[in-house]
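Have a look at the structure below before the remarks.
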Amino acid sequence: MGSEIMNKAKYRSPFKMFKELGILLALLALCAGLSIASPYFLEGTNLINILRQISVIGILAVGQAFIIISGEIDLSVGSVLALGGVVAAEVTAKGVDPILAVLIALLVGGLAGFTNGILVTKFRINSFIVTLGMLSVARGITLLITGGMPISFNSVASFLGGGYISVIPVSVIIMFAIVMLGHFFATRTVMGRNIFAVGSNKRAAELSGINVVKVKLINFTVMGILAALSGVILAGNLLSASPSSGSGYELDVIAAVVIGGASLAGGEGSIIGVLIGAALLGVLRNGFVLLNISAYWQVVAIGVVIVAAVGLDQLRKH
Amino acid sequence: MAEGTIDARLDLQGISKSFSNVQVLNKITFKCLHGEVHALVGENGAGKSTLMKIISGVYRLDEGKLMMDGEDRLFNSPREAQAAGIAMIHQELSLAQGISVMENIFMGHLTNHPLGLINYKDLASRTLKLLAEVGLKGVRPEDIVSDLSVSQKQLVEIAKALSLDAKVIIMDEPTSSLSMIETENLLSMVQKLKQQGISIIYISHRLEEVFQISDRITVLRDGISVGTWRPEEVTPAKIVALMVGREASETLPVFHECQKDLLLEINDLSRPGKFANINLSLCKGEILGISGLVGAGRSDLALAIFGVESKVQGSIKVQGRLITIKSPADAIKAGIALVPEDRKLQSLFLGMTVGENIVIAETEKNHSFATIDRKKELAVSNGFIEKLKIRTQSSQQKIEYLSGGNQQKAVLAKWLLCNPQILILDEPTRGIDVGAKEEIYLLIQDLAKQGVGVILISSELPEVLRLSHRILVMREGRMAGELERSDATPEKVMLLATGQNE
Ligand SMILES: Nc1ncnc2c1ncn2[C@@H]1O[C@H](COP(=O)(O)OP(=O)(O)OP(=O)(O)O)[C@@H](O)[C@H]1O
Ligand SMILES: [Mg+2]
């Protein structure tokens, strides 16, 4: 019967086939433009520099992507990042083995995320509110630990943030590893797909036997761990853990995620897209520096890019 | 044709529509007269809803002409169509869940006060009148929509369309979740509207209704209009043949005796405010029908067995073992599956593919970090697409773009894939066309023959009477009675359901 109608369906616009294509093209166009405008842009050191700068946002954005896909949001990532860095530095300063200190920091970050998750799932408080609270609480604890002063962080663990393997910064390797793992998780595991299902229709997910509480708890906990890891990387890079590090990062992270094609309504998004989104923001920043344009313009431009990217994505869909 | 253009309220000429290069409507010509009830029938995916969405301004036509009262019209949005006097009751319920019944009914025209102030008292009284008209009892204007059952929501949708004082009302499967009494009420309401000169376009897979109320019947097949007939010129069998494009072979109802091994035992199950003291037992291979009116608590009972409702008291035994079911996951582990009544809210992941929708409950049985076997998934979902004749471009198509009946088939596939021992079906054939329904009946009977216990909740009495070994009737949250297959008649079921036997 309807087969005749159906056979015509093979054609698909390439634009829809690879949904990250639009944003990838934007990134490539930006790179092309910058390489013409500045001879330094394509130099190896500059490119590596960009990658190092986006590594922290990239790592955070992978965690945030899963949270946003599941229909929630985490605003506390910047504060948990600072907490992670400070805990690692402080525990190391107390004479604990540096590697163990990092693990303790990750544990603390995971705990913060888990707390977010419990409040969202068990107490049914909106994640915007919960994590807005955590943003303040985690920052406050960080300030209490440090008394407001940076703590020196110079141990073998600083290698995570400042080290290189050959010419590649370790933090960049970590970021790529996490992106790859995240991509695999999102597209190839049952749990990853369940995250999409929960964000797409929570009620239907429950009725399909999916443990929605578990999905969200895991998401928030992983986010906390990734935030703490980012804190350790950032502290390692600067050889000091500052209680004010990471403030405002939540907005960059969310920006990277939505530029990468995720929908704040949940159920949609991709990890590859997130990486491209983070790269776009990084290249844009780098371009302003290279071209010597006022940093204030950079702030304006990033705002425009966020709205334009999401707007174009909407056009693509309709 | 005899009727001139002056009489035609709506006159569609050569309408075509494609979605991403797939032609869904092909040069459709369709006319609806003043005060006419015009039925539109066709298989799942024939293009009925799409055509109606073009009339009501949801979609733009690619080709063709839409005339209303002799004037060339083009509606760019549902709002424009409404302003022109076209109201549509959509197949998928589209009420705003979090707000009240009256606000939903009057949404978009809540007030004409210059400052936008709303007179809730007036709104409530107008709502009450509309609710009475559609025969919805026990619902107050200020009730929140998300607390209503699917059929109650359906009636609210109808009231909403009435509130628009439209010249044309399009009803896309309005009775798919209504029981006999509400359906009768709706049909007599349609007659009244017709006498007021309102034109009704009526889509339904229930051909008895179609023959009962329509002045003319148009058949669509694969996006083509096959023709228009008066009911006295055709028979239901002829219509079915026109729908599928060949003579339909009559399938004889087969029936088998069920075994006597007890599969499911429910003792004194209660959920305050929903249902109380329910006892039931289900044997291997038995099909147990549950009948009742809207709001009798049948779906709540199904959800409770499936572990969705909290605060449930009573005990559930599966194969003689007492089990606690705290979540759907527990129920699935115990071999229970539930096809819930509202596919859009409770079943579908609209943004995901047909294949993903089919496999999602089955894969959840694996441990969480199991990897996905795409080849196997593709094979499995293609198998079901073929078996249930799900009309889709491929298993990779987003399920959002399937027609209502085809979405329902995918939901059935999802639960059949889980190989349940106990299958609870809540309105399983909602929105499914006549031919496919037969096939699904055979499928259900086949499963039962293999020993699966089936609980069949349906507002379609013929369906329950035909398939069930026994029929339980619920009324206002209680068991009103039980009928054996041999002495179940529509009258007896209705008497129990309405309580007029007492
Ligand atoms: N937005 C869309 N994008 C792509 N395809 C679509 C879209 N809407 C409908 N279709 C396709 O058009 C065809 C006709 O769909 P339609 O919903 O009109 O069928 P229908 O006759 O109402 O069926 P049913 O009886 O199941 O409700 C289907 O094959 C469907 O997959
Ligand atoms: Mg339809």
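The values are calculated or read from the model by the stated rules, or taken from the named source; none is laboratory data. Just so you know, these numbers come straight off a predicted model, no measurement behind them. Please note: Cβ atoms are built from the backbone with ideal geometry, for glycine as well, and neighbour counts cover all protein chains shown. All accessible areas refer to the heavy atoms of the entire protein, side chains included, with ligands and DNA or RNA removed. Shrake-Rupley method; radii C 1.70, N 1.55, O 1.52, S 1.80 Å.
Take B:Arg216 and tell me if it is surrounded by fewer than 20 Cβ atoms within 10 Å (Cβ to Cβ), within 14 Å of another protein chain (Cβ to nearest Cβ) and away from ligand 2 (no atom under 16 Å from the Cβ). Steps first, please.
Working: surrounded by fewer than 20 Cβ atoms within 10 Å (Cβ to Cβ): yes; within 14 Å of another protein chain (Cβ to nearest Cβ): no; away from ligand 2 (no atom under 16 Å from the Cβ): yes.
Considered against the rule, which asks whether it is surrounded by fewer than 20 Cβ atoms within 10 Å (Cβ to Cβ), within 14 Å of another protein chain (Cβ to nearest Cβ) and away from ligand 2 (no atom under 16 Å from the Cβ), B:Arg216 comes out as no.
Considering only residues of region B:154-165 that are open to solvent by 10 Å² or more (accessible area, probe 1.4 Å) and in contact with a helix residue (DSSP H, G or I) (Cβ under 8 Å, 6 or more places away or on another chain), which is farthest from ligand 1 (Cβ to nearest atom)?
Checked region B:154-165; the qualifying residue farthest from ligand 1 (Cβ to nearest atom) is B:Ser163.
Give region B:193-203 a look and list any residue that's farther than 20 Å from B:Asp11 by Cα and within 16 Å of ligand 1 (Cβ to nearest atom), or say none.
Matches in region B:193-203: none.
So which pairs qualify, if the first residue must be in region B:302-321 and without any contact (Cβ under 8 Å) to a residue 40 or more places away in the chain, the second must be assigned to a strand (DSSP E or B), the Cβ gap must be under 6 Å, and the two must be at least 6 apart or on different chains?
B:Ala304/B:Arg271; B:Glu309/B:Arg271
Those residues that are open to solvent by less than 20 Å² (accessible area, probe 1.4 Å), facing another protein chain (nearest Cβ under 8 Å) and touching a strand residue (DSSP E or B) at 6+ places or on another chain (Cβ under 8 Å), I need them from region B:344-367; list them, please.
To start, the set of residues in region B:344-367 that are open to solvent by less than 20 Å² (accessible area, probe 1.4 Å) comprises B:347-349, B:352, B:354-355, B:357-361, B:363.
Okay, now just the ones that are also facing another protein chain (nearest Cβ under 8 Å), so B:347-349, B:352, B:360-361, B:363.
Selection gives B:Ser347, B:Met352, B:Ala361.
Quick one: in region B:396-407, which of the residues that are closer than 17 Å to B:Ile360 by Cα and surrounded by fewer than 24 Cβ atoms within 10 Å (Cβ to Cβ) is nearest to ligand 2 (Cβ to nearest atom)?
Per the stated criteria, the residue is B:Glu400.
Taking region B:11-51, which residues are among the hydroxyl-bearing types (Ser, Thr, Tyr), within 7 Å of ligand 1 (Cβ to nearest atom) and farther than 23 Å from B:Ser199 by Cα? Can you show your working first?
Looking only at region B:11-51, we keep the residues that are among the hydroxyl-bearing types (Ser, Thr, Tyr), and these are B:16, B:18, B:20, B:29, B:49-50.
The next check asks that each one be within 7 Å of ligand 1 (Cβ to nearest atom); those that pass are B:20, B:49-50.
Passing the criteria: only B:Ser20.
Residues that are among the polar types (S, T, N, Q): list the helices (runs of 4 or more DSSP H) wholly contained in region B:335-405 that include at least 2 such residues. Steps first, answer last, please.
Values: elements: B:343-346, B:354-363, B:374-387.
Once the helices (runs of 4 or more DSSP H) in region B:335-405 are filtered for at least 2 residues that are among the polar types (S, T, N, Q), what remains is B:354-363, B:374-387.
Could you list, in sequence order, all residues of region B:478-502 that are under 16 Å from B:Ser459 (Cα atoms), in a loop (DSSP other than H, G, I, E, B) and in contact with a strand residue (DSSP E or B) (Cβ under 6 Å, 6 or more places away or on another chain)?
B:Ala488
If a residue has to be within 16 Å of ligand 1 (Cβ to nearest atom), in contact (Cβ under 8 Å) with a residue 60 or more places away in the chain and surrounded by fewer than 23 Cβ atoms within 10 Å (Cβ to Cβ) to count, how many in region B:204-213 make the cut? Can you show your working first?
The initial filter retains those residues of region B:204-213 that are within 16 Å of ligand 1 (Cβ to nearest atom), namely B:204-207, B:209-210.
Those left that are additionally in contact (Cβ under 8 Å) with a residue 60 or more places away in the chain: B:204-207, B:210.
After this cut, where a residue has to be surrounded by fewer than 23 Cβ atoms within 10 Å (Cβ to Cβ) as well, the list is B:204, B:206-207, B:210.
Count: 4.
Among the residues of region B:167-192 satisfying the criterion of being part of a loop (DSSP other than H, G, I, E, B) and within 16 Å of ligand 1 (Cβ to nearest atom), which is surrounded by the most Cβ atoms within 10 Å (Cβ to Cβ)? Steps first, please.
We begin by selecting, within region B:167-192, every residue part of a loop (DSSP other than H, G, I, E, B); these are B:167, B:173-179.
Still in the running and within 16 Å of ligand 1 (Cβ to nearest atom): B:173-177.
Values: B:Glu173: 22, B:Pro174: 28, B:Thr175: 23, B:Ser176: 25, B:Ser177: 26.
Step by step, filter region B:167-192, then rank; the result is B:Pro174.
Filter region B:28-43 for residues that are open to solvent by 10 Å² or more (accessible area, probe 1.4 Å) and within 14 Å of chain A (Cβ to nearest Cβ) and give the result.
Correct list: B:Glu43 only.
Please find, among B:Ile99, B:Ile55, B:Ile105, B:Ile89, the residue that is closer than 21 Å to B:Ser176 by Cβ and more than 16 Å from ligand 2 (Cβ to nearest atom). Spell out how you get there, then give the answer.
Numbers: B:Ile99 fails: closer than 21 Å to B:Ser176 by Cβ; B:Ile55 fails: more than 16 Å from ligand 2 (Cβ to nearest atom); B:Ile89 fails: more than 16 Å from ligand 2 (Cβ to nearest atom).
None of the others qualify; the one that does is B:Ile105.
Which numbered condition trips up B:Leu378, out of (1) open to solvent by 40 Å² or more (accessible area, probe 1.4 Å); (2) among the aliphatic types (A, V, I, L, M); (3) under 15 Å from B:Leu417 (Cβ atoms); (4) at the interface with chain A (Cβ under 8 Å from one of its Cβ atoms)?
(4)
Restricting the first residue to region A:218-243 and requiring it to be under 16 Å from A:Val130 (Cα atoms), which pairs with a second residue that is at pLDDT 95 or above and open to solvent by 30 Å² or more (accessible area, probe 1.4 Å) meet a Cβ separation below 8 Å and a spacing of at least six or different chains?
A:Phe220/A:Phe114; A:Thr221/A:Phe114; A:Gly224/A:Leu111; A:Gly224/A:Phe114
Test of understanding: among B:Gly295, B:Gly197, B:Gly223, B:Gly285, which residue is over 21 Å from the mean Cα position of the chain (by Cα), at positive phi and open to solvent by 20 Å² or more (accessible area, probe 1.4 Å)?
Numbers: B:Gly295 fails: over 21 Å from the mean Cα position of the chain (by Cα); B:Gly223 fails: open to solvent by 20 Å² or more (accessible area, probe 1.4 Å); B:Gly285 fails: open to solvent by 20 Å² or more (accessible area, probe 1.4 Å).
From the options B:Gly295, B:Gly197, B:Gly223, B:Gly285, the qualifying one is B:Gly197.
For region B:29-40: of the residues being among the aliphatic types (A, V, I, L, M) and at pLDDT 95 or above, which is farthest from ligand 2 (Cβ to nearest atom)? Reasoning before the result, please.
The initial filter retains those residues of region B:29-40 that are among the aliphatic types (A, V, I, L, M), namely B:33, B:37, B:39-40.
The next check asks that each one be at pLDDT 95 or above; those that pass are B:37, B:39-40.
Values: B:Val37: 18, B:Ala39: 14, B:Leu40: 10 Å.
Filtering region B:29-40 for residues that are among the aliphatic types (A, V, I, L, M) and at pLDDT 95 or above, the one farthest from ligand 2 (Cβ to nearest atom) comes out as B:Val37.
I'm checking my understanding of the structure. Among residues of region B:383-394 that are over 19 Å from the mean Cα position of the chain (by Cα) and over 10 Å from B:Val354 (Cβ atoms), which one is farthest from ligand 1 (Cβ to nearest atom)? Quick ask: steps written out before the conclusion?
Quick first cut of region B:383-394, residues over 19 Å from the mean Cα position of the chain (by Cα) only: B:383-387, B:392-394.
Retained after the next criterion (residues that are over 10 Å from B:Val354 (Cβ atoms)): B:383, B:386-387.
Working: B:Gly383: 20, B:Glu386: 16, B:Lys387: 17 Å.
Checked region B:383-394; the qualifying residue farthest from ligand 1 (Cβ to nearest atom) is B:Gly383.
Working carefully through the options B:Met107, B:Met102, find the one that is within 26 Å of the chain's Cα centre (by Cα), modelled with pLDDT of 85 or more and outside any loop (DSSP other than H, G, I, E, B). Walk me through how you get there before you give the answer.
On the way: B:Met107 fails: outside any loop (DSSP other than H, G, I, E, B).
Exactly one residue qualifies, and that residue is B:Met102.
Suppose we filter region B:11-27 for residues that are within 14 Å of another protein chain (Cβ to nearest Cβ) and either at negative phi or open to solvent by less than 40 Å² (accessible area, probe 1.4 Å) (or both); how many remain?
9
Residue-wise test of (1) of a type in the set (S, T, N, Q); (2) in a helix (DSSP H, G or I).
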position: A:Val87; (1), (2): no, yes
position: A:Glu90; (1), (2): no, yes
position: A:Gly95; (1), (2): no, no
position: A:Ile99; (1), (2): no, yes
position: A:Val102; (1), (2): no, yes
position: A:Val108; (1), (2): no, yes
position: A:Asn116; (1), (2): yes, yes
position: A:Ile125; (1), (2): no, no
position: A:Leu135; (1), (2): no, yes
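Criterion first (buried (at least 17 other Cβ atoms within 10 Å of the Cβ), more than 9 Å from ligand 1 (Cβ to nearest atom), over 16 Å from B:Asn26 (Cα atoms) and β-branched (Val, Ile, Thr)) does B:Ile54 satisfy it?
On the way: buried (at least 17 other Cβ atoms within 10 Å of the Cβ): yes; more than 9 Å from ligand 1 (Cβ to nearest atom): yes; over 16 Å from B:Asn26 (Cα atoms): no; β-branched (Val, Ile, Thr): yes.
No.
Which members of region B:58-86 meet the condition of being among the hydrophobic types (A, V, I, L, M, F, W, C) and either more than 23 Å from B:Thr29 (Cβ to Cβ) or not in a strand (DSSP E or B) (or both)? Step through it out loud before you land on a result.
Here is the first cut: in region B:58-86, the ones among the hydrophobic types (A, V, I, L, M, F, W, C) are B:58, B:61, B:66-68, B:74-75, B:81, B:83-84, B:86.
Hits for region B:58-86 are B:Val58, B:Leu61, B:Leu74, B:Phe75, B:Ala81, B:Ala83, B:Ala84.
Of the residues in region A:38-55, how many are open to solvent by 90 Å² or more (accessible area, probe 1.4 Å), touching a residue at least 40 places away in the same chain (Cβ under 8 Å) and over 17 Å from A:Leu234 (Cβ atoms)?
1
Can you tell me which residue among B:Thr363, B:Thr392 is of a type in the set (Val, Ile, Thr) and farther than 25 Å from B:Gln91 by Cα? Spell out how you get there, then give the answer.
On the way: B:Thr392 fails: farther than 25 Å from B:Gln91 by Cα.
Only one candidate qualifies: B:Thr363.
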